[in-house]
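The values are calculated or read from the model by the stated rules, or taken from the named source; none is laboratory data. Quick caveat: nothing in here was measured; it's all calculated off a predicted structure. We place every Cβ from the backbone using ideal geometry, glycine too, and count neighbours over all the protein chains shown. Calculation scope for accessible area: heavy atoms of the full protein, side chains included, ligands and nucleic acids excluded. Shrake-Rupley method; radii C 1.70, N 1.55, O 1.52, S 1.80 Å.
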Amino acid sequence: MMKVVETFVSINGEGAHAGELAAFIRFKGCNLCCSYCDTKWANLPDANASEMSVQEISEYVKETGVHNVTLTGGEPMLQKEIGALAQRLVSDGCRVEIETNGSVSLENLANAEKRPVFTMDYKLPDSGMEDRMCLTNFGLLKEKDTVKFVAGSIRDLERAKEIIERYGLIGRCHIYLSPVFGRIQPADMVEFMIRHKLNGVRLQLQLHKFIWHPDTRGV
């Protein structure tokens, strides 16, 4: 059984399929505590959660009629049955995206026959969690995967540039820079990209935070 704090249909707010409809499954619990986390409520020990089986989640997704599925959290890779769920949903004809914080090995799922797509964070210095990153994950990423750098300062952007270059990410996968909402101006990030000629890197704003209030759940 898997601990699910909410299910809903909305648009993907970020990633390669931003703006497209997706069925979201948000799982309870996370092994990190980032300074800017906007879903801390889902990580609390007393957060309300429903116990759902792989079958029940699969049936829910079918009922939505939506083919993009985003497994998020919290940290979905902490769920013991996440692999079985991803395989089931892919078999059902879904495009499955796992949003992961970058601290948990992706090896088993990355090498699966029915492979999901990963949107993996690299936690920059301002997050307070950079030392928890699982760096071997970079070698498992493929063209349809994404590495997302959430930046709160120019220092964060400088570190993102260093990581992108060190691990040869340009051309390996999608690369996104995203601002910590309210902490850094997107215009300053664009200027940084221009100054450093960051070809192959995209700036992305979280669409849902502009459509709805930033604290709104279920969107």
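Summary of computed values
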{"quantity": "Contacts under 7 angstrom Cβ, first residue in the stretch 125-136 being surrounded by fewer than 20 Cβ atoms within 10 Å (Cβ to Cβ), partner at pLDDT 95 or above and among the aliphatic types (A, V, I, L, M), 6 or more apart", "calculated": "GLU130/LEU124; ARG132/LEU32; CYS134/VAL104"}
{"quantity": "Boolean, GLU162 is in a helix (DSSP H, G or I), surrounded by fewer than 16 Cβ atoms within 10 Å (Cβ to Cβ), on the phi < 0 side of the Ramachandran plot and at pLDDT 95 or above", "calculated": "yes"}
{"quantity": "Residues within the stretch 90-131 that are assigned to a strand (DSSP E or B) and not aromatic (Phe, Trp, Tyr), tallied", "calculated": "10"}
{"quantity": "Test for ALA84: is it open to solvent by 10 Å² or more (accessible area, probe 1.4 Å), of a type in the set (A, V, I, L, M) and in a loop (DSSP other than H, G, I, E, B)", "calculated": "no"}
{"quantity": "Matching residues, the stretch 12-40, being crowded, with 16+ Cβ neighbours inside 10 Å and outside any loop (DSSP other than H, G, I, E, B)", "calculated": "ALA22, ALA23, PHE24, ILE25, ARG26, PHE27"}
{"quantity": "Residue in the stretch 145-158 that is open to solvent by 30 Å² or more (accessible area, probe 1.4 Å) and in contact with a Cys (Cβ under 9 Å, 6 or more places away or on another chain) present", "calculated": "no"}
{"quantity": "Tabulated pairs, the stretch 43-62, first open to solvent by 80 Å² or more (accessible area, probe 1.4 Å), second assigned to a strand (DSSP E or B), C-beta under 8 angstrom, 6+ apart or interchain", "calculated": "ASN48/VAL5; GLU51/MET2; GLU51/LYS3; GLU51/VAL4"}
{"quantity": "Hey, LEU71 under 17 Å from the mean Cα position of the chain (by Cα), open to solvent by 60 Å² or more (accessible area, probe 1.4 Å), under 15 Å from PHE27 (Cα atoms) and at pLDDT 95 or above or not", "calculated": "no"}
{"quantity": "Subset of the stretch 181-197 (residues that are part of a loop (DSSP other than H, G, I, E, B), modelled with pLDDT of 95 or more and under 22 Å from HIS17 (Cβ atoms))", "calculated": "none"}
{"quantity": "Any hit, the stretch 177-190, residues being surrounded by fewer than 19 Cβ atoms within 10 Å (Cβ to Cβ), under 26 Å from ARG217 (Cα atoms) and among the aromatic types (Phe, Trp, Tyr)", "calculated": "yes"}
{"quantity": "Matching residues, the stretch 44-55, being touching a strand residue (DSSP E or B) at 6+ places or on another chain (Cβ under 9 Å) and either acidic (Asp, Glu) or in a helix (DSSP H, G or I) (or both)", "calculated": "GLU51, VAL54"}
